[in-house]
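Here's the structure, in structure tokens; my notes come after.
The values are calculated or read from the model by the stated rules, or taken from the named source; none is laboratory data. Everything numeric in this text was worked out from a predicted model, so none of it was measured. Neighbour counts run over all protein chains shown; Cβ positions are idealised from the backbone, glycine included. Accessible surface is based on the protein model in full, side chains and every heavy atom, while ligands, DNA and RNA are left aside. Shrake-Rupley method; radii C 1.70, N 1.55, O 1.52, S 1.80 Å.
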Amino acid sequence: MSEIVTTQKIVSGGNCLSQINGKNVFIPYAVPGEKIEIEITKSFRDYDIAKIIKVLEPSPERTDAFCPLYGVCGGCNMQHISGNYQKELRKSILKDCFEREGLTNIPEIEIISGNSISYRSRIQLTDGGFNQKESNEIVNLENCPIATAQINEYLKNTKQNNRPKGRVHIFGDERIISGDNSSDLSKVIVAEEREKSRFSNEVKLQGGLSSRKREKLKIQKNRRFAGTTLNQNNRCEVNILGKKIAFDVQGFFQSNLEVLEKTIGVLKQNLGGRNLLDMYAGCGTFSVFLSEYFQKTCLVEHNRDAIVFAEENLRGVNHESFGLSGENWIKFSSQNYISSNGNFDAVVIDPPRSGMEKEVSKWLCRTKIPQIRSVSCNPSTHARDAAFLVKAGYSLTKLYLLDFYPHTSHIESLAFFEYTE
């Protein structure tokens, strides 16, 4: 049985909201303000999910998708919406998340964006193709319009049957540093998924080692690096704003390097001092640039593979790295570090989707570090963590939508917090 509804606002996940007899209905591939005929596909106690049967009165912002696999592939979910309006919708979702946490003095949200096609430097294939939407079926493809030219060159020249089986991470971009710059294929790294490490030890690494000693540590199986599962075939080096950054393709690294470069430019504005803390530092991408403005940088990252790359990326920089979770660093190392080096002047923090660990949030609230720059890939947990900081006396002075993923509902954000007594 079909129903005719008018769509309201868009919500996290990219679906549009409507109501039938007071019950919320979430509708994929709709646009706010449309009159549509729908059919309920899944029903739950508090809400329903529907599919569009027919668009009766389309939004002026509705447009034709440019990818033939749109709606079949499980990737993009906003190609049916004009590009500029997409940004405004993502901005509205971000604002709603912060308002739901009781934050009222939200600054005007600024947008950091780049190209909306050929931007994605990382894709993941399963048995040579993409997963269908909400399915384990595989979609064959020879081109992905949002992927970089380098990735599409690989897809074009490597038929699906010749691609590695299982889950494969592919990173391709013109910024990859390679010996052969004549071919796009020389700027593509194909990494097959490894087995998870059976080790659980955390490591602490000291900065300031000589170049010769660092090379020796990197090459040999030194005990301080025990438990890492680095595979040199998965190693990638990129040139970001004139600096070389190395990382593991199977680890985390941003997929939109143009927006990453713009974000770094904004992130370092008006920062400087004696001590910087980079919490959830990954391979040290932010520290590579921010360390120029501080006498010493402290990196905290639980992923041992990432922290090994961070040591390499910060070679020659006065820093200290801790292969610990944020919670364990606070419990076992923070007091000694501050006693030896003094208080921090600023923090840059980039937690996983779950947001800051509780101990990290509590520690930031009580230490009152003057400047906090918070990056997040989940607007809901970002808003939650922001509310704790504001309640502790911080001011939310700037908020940015980091538009890393055009044509999707995925939202990343950057917030500036200041504490003044």
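Structure data summary
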read-out: Residue within region 38-57 that is out of contact with any Cys (no Cβ under 8 Å at 6 or more places or on another chain), assigned to a loop (DSSP other than H, G, I, E, B) and of a type in the set (G, A, S) present; value: no
read-out: Close pairs (6 angstrom Cβ cut-off, 6 or more residues apart or separate chains): farther than 19 Å from P107 by Cα in region 359-387, modelled with pLDDT of 95 or more and of a type in the set (A, V, I, L, M) anywhere; value: E359/I330; W363/I330; C365/A392; I369/V347
read-out: Residues of region 148-165 satisfying the condition of being open to solvent by less than 30 Å² (accessible area, probe 1.4 Å) and touching a Ser or Thr at 6+ places or on another chain (Cβ under 7 Å); value: T148
read-out: Qualifying positions in region 1-15 - closer than 20 Å to V72 by Cβ and buried (at least 19 other Cβ atoms within 10 Å of the Cβ); value: G14, N15
read-out: Total residues in region 19-74, condition of a type in the set (G, A, S) and open to solvent by 40 Å² or more (accessible area, probe 1.4 Å); value: 5
read-out: L69 in contact with a Leu (Cβ under 7 Å, 6 or more places away or on another chain) and part of a loop (DSSP other than H, G, I, E, B); value: yes
read-out: Residue, nearest to T381 (Cα to Cα), within region 129-152, restricted to residues that are in a loop (DSSP other than H, G, I, E, B), free of Cβ contacts under 8 Å to residues at least 40 places away in the same chain and out of contact with any strand residue (DSSP E or B) (no Cβ under 7 Å at 6 or more places or on another chain); value: N136
read-out: Contacts under 8 angstrom Cβ, first residue in region 100-112 being at pLDDT below 95, partner of a type in the set (A, V, I, L, M, F, W, C), 6 or more apart; value: N105/L396
read-out: Residue list for region 410-420, filter: out of contact with any His (no Cβ under 8 Å at 6 or more places or on another chain) and buried (at least 22 other Cβ atoms within 10 Å of the Cβ); value: I411, E412, F417
read-out: Residues located in region 92-150, provided they are under 17 Å from I411 (Cβ atoms) and polar (S, T, N, Q); value: S92, S113, S116
read-out: Exclusive hit being under 26 Å from the mean Cα position of the chain (by Cα), open to solvent by 70 Å² or more (accessible area, probe 1.4 Å), closer than 30 Å to V375 by Cβ and modelled with pLDDT of 95 or more, set N77, N115; value: N115
read-out: Wholly enclosed strands (runs of 3 or more DSSP E) of region 236-329 bearing at least 2 residues of a type in the set (D, E, K, R); value: 243-248, 273-279
read-out: Some residue of region 48-59 being modelled with pLDDT under 95 and among the polar types (S, T, N, Q); value: no
read-out: Residue within region 116-123 that is without any contact (Cβ under 8 Å) to a residue 24 or more places away in the chain and not hydrophobic (A, V, I, L, M, F, W, C) present; value: no
read-out: Qualifying residue in region 259-273 (condition: of a type in the set (A, V, I, L, M, F, W, C), touching a Gly at 6+ places or on another chain (Cβ under 8 Å) and either surrounded by fewer than 17 Cβ atoms within 10 Å (Cβ to Cβ) or modelled with pLDDT under 95 (or both)); value: no
read-out: Residue among S354, S340, S413, S334 that alone is under 28 Å from I240 (Cβ atoms) and out of contact with any strand residue (DSSP E or B) (no Cβ under 8 Å at 6 or more places or on another chain); value: S354
read-out: Boolean, H407 is modelled with pLDDT of 95 or more, outside any loop (DSSP other than H, G, I, E, B), buried (at least 23 other Cβ atoms within 10 Å of the Cβ) and not aliphatic (A, V, I, L, M); value: no
read-out: Residue match in region 352-359 (condition: outside any loop (DSSP other than H, G, I, E, B), out of contact with any His (no Cβ under 8 Å at 6 or more places or on another chain) and either at pLDDT 95 or above or of a type in the set (G, A, S) (or both)); value: yes
